[in-house]
Amino acid sequence: MTAQPVPAPKYRKVLLKISGEVLMGEQGYGIDMKTVDAIAAEVAQVVAAGVELCLVIGGGNIFRGLSTAARGMERASADYMGMLATVMNALAMQNALEKIGVDTRVQSAIPMQTVCESYIRRRALRHLEKGRVVIFAAGTGNPFFTTDSGAALRAAEMGCDALLKGTSVDGVYTADPKKDPKAVRYERLTYLDVLSQDLKVMDASAISLMRENGIPIVVFSIRKRGALLDVLTGSGVHTVIAEDSRADDQA
């Protein structure tokens with residue numbers, strides 16, 4: 001069977017942000033390896049198309065600093081526990097990627113040399129140049145910052161063309177589409193639209209950092225098979241957030 005030609009990618013270097021909850025699959029907690037393997041296969045397709053890709057994965061499937069489980073804890077301690085959860089998810093994703101032949105490195109903002117590299121910007125850039133997937137773990141390494149902020153920071157440091165946010169829904173809606181059947185999906189938004197309407201795509205600090213660096217945010221469903229490659233080739237269902245809501249069409 002002859003493989004279908006893949007259209008040229010619209011973005012050459014991207015950061016993919018995935019929430020930890022996505023890794024749960026249909027479970028209520030933890031890591032569902034079938035889901036991790038499915039996401040790894042999507043990433044492998046993108047790497048094969050010549051895209052430099054780095055990843056940030058949240059830790060909400062294991063522990064979140066603002067979760068019910070953290071009530072009564074000092075916020076900084078709870079956030080550090082959440083950072084450790086992101087390292088666990090990163091190692092799971094690394095294992096899934098390397099099983100299918102994708103060279104991968106995990107870099108942690110909290111040094112833990114026994115299990116992964118410490119974050120060094122120049123080394124991460126070199127890994128990407130060599131076609132390796134780099135998974136950034138432990139957020140920014142500081143409490144009081146979310147993994148959204150960590151993803152935005154790393155996207156800016158790596159000089160990414162876009163930040164892709166893989167969620168459980170296929171874009172940004174006027175309301176939660178799982179609760180409101182009348183919710184309408186946005187095709188395009190500006191950064192200010194997101195902030196002024198409090199659309200909860202990412203936290204305000206992450207949106208502001210992407211705005212300052214002119215990096216578009218593309219929101220899509222990571223659960224839909226082939227959606228990641230579709231987004232990178234300019235097709236598929238998604239929402240683009242940029243300074244000019246038409247900027248993505250002109251890229």
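The values are calculated or read from the model by the stated rules, or taken from the named source; none is laboratory data. Not measured: the values here are computed from a predicted model. Here the Cβ is made from the backbone with ideal geometry for all residues, glycine too, and neighbour counts use every protein chain on show.
Observations
- No other residue among VAL47, VAL56, VAL36, VAL43 is touching a helix residue (DSSP H, G or I) at 6+ places or on another chain (Cβ under 6 Å), closer than 17 Å to LEU128 by Cα and among the β-branched types (Val, Ile, Thr) apart from VAL56.
- Screening the candidates THR167, THR146, THR140, THR233 for the property of being in contact with a Lys or Arg (Cβ under 8 Å, 6 or more places away or on another chain) and surrounded by fewer than 22 Cβ atoms within 10 Å (Cβ to Cβ) yields one hit, THR233.
- Search result, residues across region 185-229 that are farther than 15 Å from SER168 by Cβ and either in contact with a Pro (Cβ under 6 Å, 6 or more places away or on another chain) or part of a strand (DSSP E or B) (or both): ARG188, LEU189, THR190, ILE217, VAL218
- Residue in region 158-174 that is within 22 Å of LEU128 (Cα to Cα), part of a loop (DSSP other than H, G, I, E, B) and touching a Phe, Trp or Tyr at 6+ places or on another chain (Cβ under 6 Å) present: yes
- Residues of region 58-80 that are at pLDDT 75 or above and of a type in the set (Val, Ile, Thr): ILE62 alone.
Okay, residues lined up against (1) in contact (Cβ under 8 Å) with a residue 24 or more places away in the chain; (2) surrounded by fewer than 13 Cβ atoms within 10 Å (Cβ to Cβ):
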position	(1), (2)
ARG75	yes, yes
LEU84	yes, no
LEU91	yes, no
ARG105	yes, no
SER108	yes, no
MET112	yes, no
CYS116	yes, no
ILE120	no, yes
